[in-house]
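What follows is a single structure, written as structure tokens, with notes after it.
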Amino acid sequence: MHYYLVPRKNPKLLSIIIPCYNEESSLPFLKERLDELIKILPTKVEVIFVNDGSSDRTIFQLVSWAETDPQIQVISLSRNFGHQLAVTAGMDYAKGDAVVVMDADLQDPPEVILDMLAKYREGYDVVYGQRLARSGESFFKKTTAWAFYRIMKVLVHKDLPLDSGDFRLISRRCLNALNGLRENHRFLRGMNAWIGFPQTPVFYKRDPRVAGETKYPLKKMLKLAMNAAVSFSPLPLRFSLGLGIIVALIGFAVGFYALFRAFQHFILEMPIVYNPGWATIVTLICLIGGSILISIGILGEYIARIFEESKGRPLYVVEFVKGSSLTEKSKKLS
């Protein structure tokens, strides 16, 4: 797709949003890398950490850091709301002309932000990091991740970038559009693609986690995939329709075959070579029953989301904020 781009200057203020969940062991390494990066960034910076209900000493380290550095802002959520909602909280509070979303584990090198800013100056509103390699991950993890992004591209949006997570730069006008989308079940990568502003990749090699354990095991990846598929696409519903048609055709085929054999025996007086028994009946019952249960389950997922959206609850609850600029913003949001 060809975009009409208008070159611009660096943002006057860049907000870096970092959600944290039990990142106590990673924060010292992250602090060192961020301190070095901020020195060479061609713009003023605010770093917004969102503590997503950590059960270790993450929040104590963040508050201590914020007390010694005015560029560090901390939002502490009242419990664990999940990665996507923690990022949303950071985006709501961000004051920058552009924001960067990154994780605290340093798998996505902070230095790539310099490349993102170069693309921002060219006029792009979304600059996402696209992984060329994934160091330190098992073959199973790489395979499931490869499949995840390609399935999501089919189910969520045709412009969804492959092999790219939430590590990206977003312009203020794109951020304002994102902040206007308040659905509870959020898949921010898909929402970025849906909005449709000019986007482009920067390529990088993903590093191993600097410390701690991954916060996206297979179980959470499957949950995110289900959430994205149901929130963005009617294809699962259409799948249940297709499944019903296939099961019906199988039933018609078996019934036709039984009638054909009966015709051979009674009309043509041929010996019975087909004796339908319990196996055929059980197979058909399982096919029909299974397809019905699958269809009900898929429909139930959509109804559950309608129910949750109808409650109108806030996406997250803030316990407290630390940082002068966030305190002012918090008063406006409340």
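The values are calculated or read from the model by the stated rules, or taken from the named source; none is laboratory data. Everything numeric here is computed off the predicted structure, so don't read it as measured data. Cβ: placed from backbone, ideal geometry, glycine included. Neighbour counts: every protein chain shown. Accessible surface areas use protein heavy atoms only, side chains included; no ligands, DNA or RNA. Shrake-Rupley method; radii C 1.70, N 1.55, O 1.52, S 1.80 Å.
What does the convex hull of the Cα atoms of region 54-187 come to per residue, in Å³, rounded to a whole number?
153
How large is ³J(HN,Hα), in whole Hz, for each residue of region 227-232 in order, when computed from phi with the Karplus curve 6.51 cos²θ - 1.76 cosθ + 1.60 and θ = phi - 60°, using x for Gly and Pro?
Result, rounded to whole Hz: 4, 5, 5, 6, 6, 10.
Over region 20-139, average the accessible area per residue using a 1.4 Å probe and give it in Å², no decimals.
Per-residue accessible area for region 20-139 comes out at 37 Å².
On a 0 to 90° scale, report how tilted helix 83-93 is relative to the longest principal axis of the chain, with both axes built from alpha carbons and the result rounded to the nearest 10.
40
When only alpha-carbon atoms count, how far does region 14-122 stretch along each of its three principal axes, as whole angstroms with the largest first?
In descending order, the Cα extents are 41, 25, 25 Å.
With only alpha-carbon atoms counted, please give the Rg and Dmax of region 1-59, in Å.
Rg, Dmax (Cα atoms, Å): 15.7, 47.
Would you mind telling me the antiparallel percentage of the DSSP bridges in the chain, rounded to 5?
30
First select every other residue whose beta carbon is under 12 angstrom from the beta carbon of Leu315; then total the charges, Lys and Arg +1, Asp and Glu -1.
0
Would you work out the relative contact order for the chain, in percent, from Cα pairs under 8 angstrom that are 6 or more residues apart?
Once divided by the residue count of the chain, the mean separation gives 22 percent.
Compute the acute angle (0 to 90°) between the alpha-carbon long axis of helix 58-68 and the principal axis of greatest extent of the alpha-carbon atoms of the chain; round to the nearest 10°.
Compared with the principal axis, the helix lies near 30 degrees.
Percent antiparallel among DSSP beta bridges with both residues in region 114-254, to the nearest 5?
Approximately 25 percent, going by the DSSP bridge assignments.
Using +1 at the Cβ of each Lys and Arg and -1 at the Cβ of each Asp and Glu in the chain, identify which of Val112, Val321, Ile245 lies farthest towards the dipole's positive end.
With unit charges placed on the Cβ atoms, the residue in question is Ile245.
Once amide H atoms are built 1.01 Å from N in the peptide plane, which residues 5 or more positions from Val210, or in another chain, come under 5 Å H to H?
Gln107
Dipole of the chain, Cα-centred, from +1 at each Lys and Arg C-beta and -1 at each Asp and Glu C-beta, to the nearest 20 debye?
So the magnitude is around 600 debye.
Under the rule of at least 5 residues apart or a separate chain, name every residue whose amide H is placed under 5 Å from the amide H of Gln130.
Val202, Phe203, Tyr204
Among residues other than Met102 whose Cβ falls under 9 Å from its Cβ, what is the net charge (Lys/Arg +1, Asp/Glu -1)?
Taking every other residue near Met102 into account, the sum is -2.
How large is the direction-averaged shadow of the alpha-carbon convex hull of the chain, in nm²?
Directional mean of the projected Cα hull area for the chain stands at 22.5 nm².
Which entries of Lys39/Lys322; Lys31/Lys142; Lys12/Lys39 have Cα-Cα distances beyond 25 Å here?
The answer is Lys31/Lys142.
So what does Glu183 come to for accessible area, using a 1.4 Å probe and Å² rounded to 10?
60
Rounded to whole Å, give me the distance from the Cα center of region 182-198 to that of region 59-83.
25
What trypsin sites (Lys or Arg not before Pro) in region 222-261 are in a loop by DSSP, with at most 13 other Cβ atoms within 10 Å of the Cβ?
In loop regions of region 222-261 (DSSP not H, G, I, E or B), there are no sparsely surrounded trypsin sites (Lys or Arg not before Pro).
Can you give me the angle between helix 27-40 and the longest principal axis of the chain, using Cα atoms only, in degrees from 0 to 90, rounded to the nearest 10?
Helix 27-40 and the main axis of the chain meet at about 60 degrees.
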